[in-house]
1. Once you have the Kirkwood Rh of region 366-435 from its Cα pairs, apply Stokes-Einstein at 20 °C and 1.002 mPa s and quote D in µm²/s.
2. Rounded to the nearest 5, what % of DSSP beta bridges with both residues in the chain are antiparallel?
3. Mind checking the alpha-carbon convex hull of region 483-564 and giving the volume per residue in Å³?
4. Which value, in Å³ per residue, describes the convex hull spanned by the Cα atoms of region 334-487?
5. To the nearest 20 debye, what is the magnitude of the charge dipole of the chain about its Cα centre, counting +1 on the Cβ of each Lys and Arg and -1 on the Cβ of each Asp and Glu?
6. Assuming 0.36 nm per residue, please report the length gained on full extension of the stretch Tyr570 to Arg225 beyond their Cα-Cα distance.
7. So what are the ³J(HN,Hα) numbers for region 129-138, from phi and the Karplus equation (6.51, -1.76, 1.60; θ = phi - 60°), rounded to whole Hz, Gly and Pro as x?
8. Grab the Cα-Cα distance for Gln190 and Asp268, subtract it from 0.36 nm times how many residues apart they are, and report the gain in nm with one decimal.
Amino acid sequence: MRSPLPGPTAQAFLLAIAMLAACTPDGNTPPATDTTIAPVTGQEAVADPVHSAVAAAFAIDSEALMQRMLARDPAWSIYAGRYDDADRVTIPDAARRADDLAFAETELAWLARVDPQTLPPELRIDHNLLTNRLERMRWYLTEFRDWQWDPSNYNVAGPIGLILNTPYAPEADRLRTVMARLEQVPAYYQAARTNISNPTREHTELAMVQNRGTLNLLGDSLRERVAASSLETAEKDRFEQLRQRAVETVDGFIAELQAINDGLATDDNARPFRIGADLYEAKFAYDIQSGFTARELYERAVAEKNRLHDDMDLIAVQLWDEYFPDQDMPEDRLDRIGQLIDHLSDQHIAREDFISEIERQIPLLTAFVAEHDLLDQDPTRPLVVRETPEYMRGGGAGASVSAPGPFNPTADTYYNVTPLDDYTDEQAASYLREYNQWVLQILNIHEAIPGHYTQLVHGNKSSGLIKSLLRNGAMIEGWAVYSERMMLEEGWGEQAPEMWLMYGKWNLRVVTNAIMDYAVHVLNMNEQEAMDMMLREAFQEQTEAENKWRRITLSQVQLTSYFTGYAEIYDFRERLKADMGDDFDLKAFHNRFLGYGNAPVPAIIDMMQPRN
Ligand code: ZN
């Protein structure tokens, strides 16, 4: 799980982080040593002097708007790696919501006065991202209203954890910043209590679990850390007073949630976690920024599932006698695919070789991309493979990419790999079967080359503050998922049927996530039906499926982002190939696509569309 989210205003951005966090845990932004902001670059020359004057003014004004949005939201700043206002807590009360709404209306009115068609592509994307972000903020406040029914919006832990874990300033200074935040904890939770109205059971329970985590963060280890620090005695006493008061406040909040939850248990009219068709379509439009509607995307995903099953069955039939010479092939195609996957999963590396094997593969992937001329790479920005730092672990084993934030763009990019040390033999065996010799390669493609890491290197060249902070999660995840299939198509894995079979299983996870998210929230799919789909049609393990069900009950739309971005990129490429014939150049397509930064896929498609 990720660190708890702060209040509703920060939520918009944190959801964007969360999209990336499934692969790239947040809470790892390196210290902001440099607060200069990269200029918006890559603008195409605009010959028309009126247009270029408009563009120049918009570049300055839009950047200033972005800075105002950030300044209004200190928690967002902290997550983005800037700590100037880190002592300020946003109190999520009615006055704040009114202020947010007025801010959104004013800025939207200004944006509406700028015709995006008069702007060069880079700035048109910024206009699109800012407009969407503000419209989305207004919609969350006035229509979605999760500030009322999702108590897990309320938690003070996230920013405090980052301040404590990130050495951006001397220890004593950071403790003073935490002390200032502790001072505001009672007012924060008072506003939270006032806001909560008819919450769902699922989000109430989540809020209790996450706020118990907050009690740990504020507990003995913090007390001991302060006692051992270089703070003056009087400051230490004051800190301890505030810490105890914060603990009491969070305790009281949890007790109140418990009482609410007890009432919900017997309340047949309690709010359901399913958000229904109307809210789902709107949330999909704002959160994903897709060219599909949610319904179209769902239908596209169902078709993709059937296609994958067809492909995987051809492979199962082809390989059956080789791996099961003495065993009849099952009649049911899902049975035979599942048995073959199960059998092949035994081929995995030893647990002690997990990190060294990943290190070994990275240069091989780099070389493959270069030899096959797939896209530009930048040898001056190498990917550093490291063991995941202790404070980022928590969620068991895994791999993720930590990119430098917008305020220190020249920092290293890390590929964090968590060793399997904390696992029992049984847990390690299960994990290694999941990340068997084929899937581990696909994971490295997704996270590193040419997936997330490569996309970030390209994106950073053209990004600027707006594209960096308002990055589109569906584009980022979609690119990583697209890159898996593209690499296999180009010959990584030498077209081995085993590789394609395991790719099918891996990709089915993304496809069924998209199907289930829509089906559960809009079509009333129940838990048993979802579990059947995951276990039988996507060949998942019981534990993974149970965790996924829980995630579907707690989030909406986000699980579709991977498939949406992937399907849009892949479909667009196929359309271009059909239109351009022999003129289509894969490397040029990739370089150009990645050159627009973290923009929504439909916006990139609009820029890349051949015009008559
Ligand atoms: Zn990813």
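1. Reported coefficient: 147 µm²/s.
2. Around 45 percent of the beta bridges assigned by DSSP in the chain are antiparallel ones.
3. Taking only Cα atoms, region 483-564 has a hull volume of 90 Å³ per residue.
4. Spelled out: Cα convex hull of region 334-487, divided by residues, is 137 Å³.
5. Result for the chain is approximately 2200 debye, rounded to the nearest 20.
6. Difference between extended and current length: 119.1 nm.
7. Couplings: 5, 5, 4, 4, 4, 6, 5, 5, 4, 4 Hz.
8. My answer for the length gained is 25.3 nm.
Read-outs: derived from the displayed coordinates by stated rules, not from any lab. Note that the structure is predicted; figures quoted are calculated from it, not measured. Here Cβ is always computed from backbone atoms with ideal geometry, including for glycine, and neighbour counts include all displayed protein chains.
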